[in-house]
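Some notes on the structure that comes next.
The values are calculated or read from the model by the stated rules, or taken from the named source; none is laboratory data. None of the values given here were measured: they were computed from a predicted structure. Every residue, glycine as well, gets a Cβ built from its backbone with ideal geometry; the counts of neighbours run over all protein chains shown. Note: accessible area is taken over every heavy atom of the protein model, side chains too, but ligands, DNA and RNA are not part of it. Shrake-Rupley method; radii C 1.70, N 1.55, O 1.52, S 1.80 Å.
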Amino acid sequence: MQSYPTPNQGERRGGARPDIVLLHYTAMPDTRLVLERLANPEAEVSAHYVVSPEGGVWQMVDEPLRAWHAGAGRWGSCDDINSRSIGIEIVNSAREPFAAPQMRGVETLVAGIMQRWHVPPERVLGHSDIAPGRKVDPGPRFDWRRLALQGLAVWSEAEGARADWEGFLQDAAVFGYSSEVAPEVLLQAFRDRFRPGVSGVLDGTDCARMAELAARYPADPGAARV
């Protein structure tokens, strides 16, 4: 762990505590340039951590403080993601797989954050989860299943035959996705994470997986499908 402080930070609003880990890719392949940008006051962006392709980790913002990484977005009833999250920027150009040392660095980092702040696996999210369409990172090349097998995220292997847009959208809202997103945009964000490489119209497996995730991991306690 190395330190690379940034001025782009502040207090969490309303005394909020982090209960989300939010994963990003940088779309920039050079770690040094990423650190310099996130430390530039004119950029007005930052993250708590940066993970290099070699697995090196830089801390830029202390975890109790608010970094500027999420922007506009929501998960369930939470619409100030920056105040409720710890942000991790993974150095990747978006054109290549995530290197094995980098994945190990991310996994070690996420596991530690989850333990320190009692974050459950279903609250480890991607930028595309909280801002579908506006953001696509960490993208379909990121191995969410690998994290889930270690208890660091959630996954579904459910299969189904019946496609039902109404049910899919209702379950998506319970799981946490914004109901204000166009259905096709939401489907793409969902598939990039839970069915990478799949294309075409909504199908029964999309619906079955979303239904399982909603039933097991509703974003807000007591949430239920109408």
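Consider the range 109-124 and keep the residues that are assigned to a loop (DSSP other than H, G, I, E, B) and open to solvent by 20 Å² or more (accessible area, probe 1.4 Å). The one that is farthest from residue 1 (Cα to Cα) is 120. Sub-7 Å Cβ pairs linking a first residue in the range 82-98 that is of a type in the set (Phe, Trp, Tyr) to a second residue that is open to solvent by 20 Å² or more (accessible area, probe 1.4 Å), at least 6 apart or interchain, are 98/141; 98/143, ordered by first then second residue.
Taken together, 123, 145, 116, 134 contain a single residue that is more than 24 Å from residue 18 (Cβ to Cβ) and not aromatic (Phe, Trp, Tyr), which is 145. Could you say whether any residue in the range 127-147 is open to solvent by less than 40 Å² (accessible area, probe 1.4 Å), under 30 Å from residue 105 (Cβ atoms), outside any loop (DSSP other than H, G, I, E, B) and in contact with a His (Cβ under 7 Å, 6 or more places away or on another chain)? Yes: one or more hits. The residue list 180, 184, 159 contains one member that is farther than 30 Å from residue 26 by Cβ and among the acidic types (Asp, Glu), which is 159. Please specify each residue of the range 175-208 satisfying the condition of being open to solvent by 20 Å² or more (accessible area, probe 1.4 Å) and touching a residue at least 24 places away in the same chain (Cβ under 8 Å). 181, 182, 185, 188, 192, 196, 197, 201, 203, 208, listed by residue number.
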